[in-house]
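The numbers here are math on the coordinates, done by the rules we state, and not lab data. All values derive from a computational prediction rather than experimental measurement. Note that each Cβ is placed from the backbone with ideal geometry, even for glycine, and that neighbours are counted across all protein chains shown.
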Amino acid sequence: MIHYLDNSATTMVLPEAREAAVHAMCEAFGNPSSLHAMGIDAARSLKESRETVAAVMGCTAAELYFVSGGTEGINTAIFGAARKNRHLGKHIITTTIEHAATTQACKRLESQGYTVTYIAPDAEGHIAAQEIIDACKADTILVTMMLVNNEVGTVLPVAEVGKALRQKCPQALFHIDAVQGLFRVPLTPKKWNCDLMSVSGHKIGAPKGIGAFYMKREVRLAPYIVGGGQESGFRSGTEPMPQIAAFAAACKVRSANLEQDLAHVAELKAYLTEQMKQRLPWAKWNGAPDVPHVVNFSLPGCKSEVMLRVLESKKVFVSAGSACSKGKESHVLHAMGLDKARIDSALRVSFAPQNTREDIDALIDGLEAGAKMLRRK
Ligand code: PLP
């Protein structure tokens with residue numbers, strides 16, 4: 001039996017999502033653009049899937065575009081906004097705790113003559129809205145920030161930023177990376193004055209390779225992939241119906257169980273915290289998470305990579321940070337000002353609704369055994 005506690009990296013595909021994908025691959029496999037009955041069936045499924053995902057993204061179906069995942073949505077938003085608004089200015093604001101998709105897109109724009117202001121978090125991983133607002137200038141054309149941090153689970157103040165932008169910086173587009181926010185906090189882009197927002201299917205029980213991009217009706221970024229005119233001409237290419245149908249199926253399951261899932265995950269977090277306090281009281285907690293799905297702690301003296309191997313040998317899977325930073329020092333913990341010893345021994349545990357107390361027991365047993373061995377050395 002495996003104990004998978006790395007759900008911020010990716011999640012197991014839900015049975016309902018798998019069934020929907022297999023059905024779309026093997027039975028209802030028509031092309032939504034075909035005019036015959038099989039095409040019409042596929043087009044209907046596409047429409048229904050779009051409505052389902054739009055409902056959980058807090059937007060209309062006409063404002064939702066299927067893309068390949070969070071990275072594509074983020075790139076689309078950042079490069080699209082920079083291009084659209086280039087006549088208005090070349091200044092962008094983001095934070096130092098973003099996912100690599102945001103940071104790398106910003107770096108590329110810097111190499112093309114844009115300037116980027118990176119706002120740092122406090123020691124707990126929170127970003128002050130006022131610092132973002134203070135950084136706004138007459139030539140600011142984009143503010144891009146995450147909703148929930150993937151390493152420490154803090155929620156960023158998107159509502160406050162969106163409200164202030166409307167007054168102080170109306171020319172700037174506002175993009176939210178909501179990849180870790182979907183089914184953690186309600187997505188309300190309209191209330192947040194948000195123009196663009198990205199989510200990803202594989203973080204919520206859908207397969208990899210599917211995501212959704214919200215673009216407010218009044219904001220028309222230029223299409224960057226042209227061809228057959230799918231996705232209202234914004235992203236051409238035959239729609240990946242198995243992934244889309246699976247994404248919608250996962251959204252339905254997660255929506256139906258939202259309350260119970262949140263309560264269950266909160267209970268798991270409380271259990272983990274209590275067990276850690278009893279059995280590993282010297283652990284140091286990193287950040288002050290606002291959602292219960294992610295916890296981050298350091299076990300000084302136990303290098304993360306080595307502890308990961310110890311846990312893996314017991315079929316317990318957690319991570320040392322973002323899956324995309326593959327062994328590099330966590331830029332999030334670094335931005336929070338933690339010292340090297342603490343960063344080098346950090347572990348991230350992230351829950352999905354399927355997790356159980358047994359997973360946590362296996363984790364704590366593994367950590368205890370690993371710590372005994374590593375600290376002796
Ligand atoms: N943004 C955040 C906050 C993430 O955690 C991730 C994935 O780890 C991404 C973006 C990228 O999403 P995807 O893997 O779908 O490209």
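Can you give the angle from 0 to 90° between the axis of helix 100-111 and the longest principal axis of the chain, with both taken from C-alpha atoms, to the nearest 10?
60 degrees
Can you list the residues, at least 5 places off or on another chain, whose amide H is less than 5 Å from the amide H of residue 200, using H built in the peptide plane?
212
Between residue 40 and residue 361, what is 0.36 nm times their sequence separation minus the Cα-Cα distance? Round to one decimal in nm.
That works out to 110.5 nm of additional length.
Assuming a ≥ b ≥ c are the square roots of the Cα gyration tensor eigenvalues, decide whether the range 18-66 counts as rounded (a/c under 1.5), prolate (otherwise, with a/b larger than b/c) or oblate.
Because a/c hits 1.5 or more and a/b fails to exceed b/c, the range 18-66 counts as oblate.
May I ask you to evaluate 6.51 cos²θ - 1.76 cosθ + 1.60, the Karplus curve with θ = phi - 60°, for each residue of the range 216-232 and list the ³J(HN,Hα) values in order in whole Hz, giving x for glycine and proline?
Running phi through 6.51 cos²θ - 1.76 cosθ + 1.60 with θ = phi - 60° gives 3, 3, 6, 9, 10, 6, 6, x, 9, 10, 10, x, x, x, 5, 6, 6 Hz.
How much net charge surrounds residue 163 when only other residues with a Cβ under 13 Å from its Cβ are counted (Lys, Arg +1; Asp, Glu -1)?
That sum, taken over residues with Cβ under 13 Å, equals +3.
Mind running the shape call on the range 26-133? Use the C-alpha gyration tensor, a ≥ b ≥ c as the square roots of the eigenvalues: rounded below 1.5 for a/c, prolate if a/b tops b/c, oblate otherwise.
Prolate, because a/c is 1.5 or more and a/b exceeds b/c.
Can you pull the Kirkwood radius for the range 227-377, inverse mean 1/r over Cα pairs, to one decimal in Å?
17.6 Å
Can you give me the C-alpha center-to-center distance between the range 200-266 and the range 65-87, rounded to a whole angstrom?
15 Å
Given only helices, namely DSSP H runs of n ≥ 4 each adding -39500 (n - 2.57), what is the per-residue ellipticity at 222 nm of the chain, to the nearest 500 deg cm²/dmol?
Calculated from helices alone, the mean residue ellipticity at 222 nm is -13000 deg cm²/dmol.
Over every pair of different alpha-carbon atoms in the range 104-212, take the mean of 1/r and invert it; report that Kirkwood radius in Å.
Radius from the Kirkwood sum: 14.8 Å.
Can you give me the distance in nm between label points at residue 84 and residue 374, each placed 7 Å from the Cα along the Cα-to-Cβ direction?
With each label point 7 Å from Cα toward Cβ, the separation is 4.5 nm.
Per 20 Å bin, what is the whole-percent P(r) computed from every C-alpha pair distance within the chain?
In order of increasing distance, the bins hold 29, 55, 16, 0 percent.
For residue 110 and residue 61, FRET efficiency with R0 = 51 Å and r from the beta-carbon atoms, rounded to 0.05?
Once the sixth-power term is evaluated, E becomes 0.90.
If I fit a long axis through the Cα atoms of helix 241-256 and take the longest principal axis of the Cα atoms of the chain, what angle between them do I get, 0 to 90°, rounded to 10?
60 degrees
Once a ≥ b ≥ c are taken as the square roots of the eigenvalues of the Cα gyration tensor of the range 263-352, is the result rounded (a/c under 1.5), prolate (a/b larger than b/c) or oblate (a/b not larger than b/c)?
rounded
HN-Hα J couplings of the range 291-305 from phi, Karplus 6.51/-1.76/1.60, θ = phi - 60°, integer Hz, Gly and Pro as x?
Computed from phi, the couplings for the range 291-305 are 10, x, 6, 10, 10, 9, 9, 10, 10, x, x, 10, 4, 4, 4 Hz.
Taking 0.36 nm per residue of separation and subtracting the Cα-Cα distance, what length does fully extending residue 1 through residue 19 add?
4.2 nm
Which order do peptides 4-11, 302-309, 48-55, 252-259 fall in by mean Cβ count within 10 Å, highest first?
Going from most to least packed, we get 4-11, 48-55, 302-309, 252-259.
Any idea what angle helix 158-168 forms with the longest principal axis of the chain, computed on alpha-carbon atoms, 0 to 90 degrees, nearest 10?
50 degrees
Let me check I've understood the local charge: for residue 173, count other residues with C-beta under 10 angstrom from its C-beta, Lys and Arg +1, Asp and Glu -1. What total comes out?
Cβ neighbours under 10 Å give a net charge of +1.
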